[in-house]
Each structure stands twice: as structure tokens, then as C-alpha cells.
Amino acid sequence: MATTVDARGLSCPQPVLMFMNAIKTSADRELIVLVDTDASMENVSRAAESKNCTVKDINRKDDEYRLTITRN
């Protein structure tokens with residue numbers, strides 16, 4: 001099972017903070033992060049790598065990104 005973080009409509013740093021909170025509070029190995037800007041996608045990806053996570057997949061549909069992140 002995966003935890004979903006819906007940060008669409010929020011500007012940085014909110015998506016990163018929501019991701020970091022999910023890493024702390026969720027026991028799931030996989031997290032799905034939904035964002036809607038290039039900057040948020042890049043910042044969440046960098047935050048994931050800094051927490052020793054892997055950005056397994058980034059899907060873009062219209063103006064939204066779905067990042068699949070796994071813990072290492």
C-alpha cells in the first residue's frame with residue numbers, strides 16, 4: 001500500500017513539507033506525491049533523494065505530476 005500526498009494547488013515549500021511529514025508519519029514503503037508545478041516536482045524529488053529515497057517514477061498528465069517515491 002502507498003501513502004498519497006496531494007499537494008496540488010500549493011506553492012513551495014508546502015509540497016516539500018507535506019512530503020517530509022509523510023516520510024516521518026507513514027509506515028508505508030511507497031509514497032505517491034501529486035503536484036502541479038515543475039518547481040514542486042523538482043523540489044520534492046530533491047527532498048526525496050536527500051532522505052535516501054528513490055524517485056521511482058514521474059508521470060506527467062496535463063499540468064500535474066505524480067511522483068512515485070520508495071524508501072531505501
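Taken together, the values in this text are just the output of simple stated rules run on the coordinates, not laboratory data. Because the structure is predicted, anything quoted here is derived from the model rather than measured. Here the Cβ is made from the backbone with ideal geometry for all residues, glycine too, and neighbour counts use every protein chain on show.
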Rounded to the nearest 5, the percent of antiparallel DSSP beta bridges in the chain equals 75
Filtered hits (aspartates and glutamates, Cα-Cα < 14 Å from Lys61, offset >= 8 within chain) -> Asp36, Asp38
Answer in debye to the nearest 20: the dipole magnitude of the stretch 2-71 about its Cα centre, from +1 Lys/Arg and -1 Asp/Glu charges placed on Cβ, is 320
Calculated from DSSP helices alone, with each H run of at least 4 adding -39500 (n - 2.57) and the total divided by the residues of the chain, [θ]222 nm to the nearest 500 comes to -11000 deg cm²/dmol
Checking Thr25, Thr37, Thr54 against a Gaussian network model of the chain (alpha-carbon springs below 10 Å), the top fluctuating residue turns out to be Thr25
Cα extents of the chain per principal axis, largest first, Å, are 29, 21, 19
Rounded to the nearest 10, the angle in degrees between the Cα long axis of helix 14-25 and the longest principal axis of the Cα atoms of the chain comes to 20
Percent relative contact order for the stretch 2-71, counting Cα pairs under 8 Å at least six residues apart, stands at 34
With Cα coordinates, the longest principal axis of the chain makes an angle with the long axis of helix 38-50, in degrees rounded to 10, of 20
